[in-house]
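Presented below is the structure to which this report refers.
Since every read-out is calculated from the coordinates, none of them should be taken as a lab result. Since we're looking at a predicted model, the values are computed, not measured. Every residue, glycine as well, gets a Cβ built from its backbone with ideal geometry; the counts of neighbours run over all protein chains shown.
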Amino acid sequence: MTKLLPTSTAGSLPKPSWLAEPEKLWSPWKLQNEGLIEGKHDALRLSLEAQQRAGIDIVSDGEQTRQHFVTTFIEHLSGVDFEKREVVKIRNRYDASVPTVVGAVARQQPVFVEDAKFLRQLTSQPIKWALPGPMTMIDTLYDNHYKSREKLAWEFAKILNQEARELEAAGVDIIQFDEPAFNVFFDEVNDWGIAALERAIEGLKCETAVHICYGYGIKANTDWKKTLGSEWRQYEETFPKLQASNIDIISLECHNSHVPLDLIELIRGKKVMVGAIDVATNSIETPQEVANTLRKALQFVDADKLYPCTNCGMAPLSRQVANGKLAALSAGAEIIRRELAAK
Ligand SMILES: [Zn+2]
């Protein structure tokens with residue numbers, strides 16, 4: 001990017017109410033068959049337009065074609081039985097009924113590649129595509145085959161790499177892996193989680209990112225955050241090894257969180273997507289509030305490596321709130337661009 005402080009989102013954006021029930025995770029589709037395919041593409045187009053109207057620089061599909069950021073990818077793989085469900089604790093936090101790994105996992109066909117080609121032909125702006133990370137994928141499943149989190153993560157990393165290579169060929173500029181599990185399983189992250197992530201990006205020439213957050217603004221997450229105390233130092237556990245990894249960009253949660261921003265110093269040299277929009281509240285940030293967060297982050301990230309972003313996806317918010325937040329992000333970044341230009 002030649003533009004200073006290019007803005008983007010963590011990924012998901014609200015879907016239109018005619019496509020899926022709004023303000024809900026795992027919201028079921030309201031259309032079927034051909035109508036659903038057409039509806040998803042229409043929604044993707046609307047989501048792109050909303051980002052463009054707000055002045056977002058690096059655009060995405062708003063994850064309009066997926067029901068959930070992890071589940072939808074897994075649905076396309078063989079070796080996972082969606083009828084056979086078990087209740088597991090996701091990220092040590094909340095119970096969920098999840099599908100079972102019953103055999104060797106494999107990707108029989110591309111998952112998002114056609115959607116990425118569709119987005120590519122709609123815009124010449126840089127596009128970012130989000131995929132679930134290997135560790136977050138294994139945490140959303142019951143494994144009755146490999147019986148090893150590390151082994152299953154490694155198999156998923158190989159599958160993700162196949163998808164990522166095809167997304168790159170489709171013209172995606174940045175491929176992002178969502179790894180909220182990196183904020184929970186620190187020993188595993190350092191033992192094999194980052195290695196699995198590097199396996200997923202092997203051979204890619206496009207830019208790569210990892211998004212590590214404190215989750216969507218749903219109750220299970222906000223309740224968990226209340227237990228974390230006044231200083232959230234989770235990033236401290238994983239940043240040193242991520243700094244030494246091959247990942248280009250680290251996307252993290254900052255605004256309204258209790259993350260001490262000086263932890264960003266630990267990834268000095270990386271590009272940093274700084275979360276300057278809180279996704280756990282309906283109140284829309286002022287441009288000044290966004291600017292304040294970015295200004296603080298600038299103490300620890302070089303200006304040419306700072307990418308203003310949202311803390312996490314905005315799927316559970318209303319479209320009106322999400323659009324307001326996108327506009328605030330752009331306006332806040334512009335305040336800082338002008339300050340930097342005046343120096
Ligand atoms: Zn997130």
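Estimated at 0.36 nm per residue, the fully extended path between E198 and R268 surpasses their Cα-Cα distance by 23.3 nm.
Taking the Cα centre of segment 256-320 as origin, sum charge times position over the Cβ atoms of Lys and Arg (+1) and Asp and Glu (-1), and report the length of that vector in debye to the nearest 20. If you can, show how the numbers build up before the last one.
Numbers: 7 positive and 7 negative charges, 35 e Å.
The dipole magnitude comes to about 160 debye.
The loop-placed GluC sites (Glu not before Pro) in segment 182-249, going by DSSP, that have at most 15 neighbouring Cβ atoms within 10 Å of their Cβ come out as E202, E231.
Between Q288 and D95, what FRET efficiency comes out of the Förster formula 1/(1 + (r/R0)^6) with R0 = 41 Å and r the beta carbon distance, rounded to 0.05? Walk me through the intermediate numbers first.
Working: r = 40 Å, r/R0 = 0.99.
That pair, D95 with Q288, gives E of 0.50.
Of the residues T2, T238, T100, T208, the one with the fewest other Cβ atoms within 10 Å heads the list, and the complete ranking is T2, T100, T208, T238.
When the charge dipole of segment 23-182 is built from unit charges on Cβ atoms (+1 for Lys and Arg, -1 for Asp and Glu) and taken about the Cα centre, the candidate among P28, H145, S47 whose Cα reaches farthest toward its positive end is H145. Using the Cβ-Cβ distance between Q320 and V87 with R0 = 25 Å, the FRET efficiency computed as 1/(1 + (r/R0)^6) comes to roughly 0.10. Measuring spread by the Cα atoms of the chain yields a radius of gyration and Dmax of 18.8, 61 Å.
Remind me, relative contact order of the chain in percent, using alpha carbon pairs under 8 angstrom and six or more residues apart? Before the final figure, lay out the partial values.
Working: 677 pairs, mean separation 68.8, N = 343.
Relative contact order of the chain: 20 percent.
Charged side chains reduced to their Cβ positions (Lys and Arg at +1, Asp and Glu at -1) give the chain a dipole of some 440 debye around its Cα centre.
Close amide H partners of Q176, meaning residues 5 or more places away or on another chain with modelled amide H under 5 Å apart, are W129, A130, L131, A209. Here is the short version for the chain: C206, C254, C309 have no other Cys C-beta closer than 4.7 Å.
In this structure, the amide hydrogen of V80, modeled 1.01 Å from its nitrogen in the peptide plane, lies closer than 5 angstrom to those of V102, counting only residues at least 5 positions away or on a different chain. Note on segment 1-137: the C-alpha convex hull projects to 10.0 nm² when averaged across all orientations. The phi torsions of segment 37-50, fed into the Karplus equation with coefficients 6.51, -1.76 and 1.60 and a -60° offset, translate into couplings of 4, 5, x, 4, 5, 4, 5, 4, 4, 5, 5, 4, 4, 4 Hz, rounded to whole numbers, with Gly and Pro shown as x.
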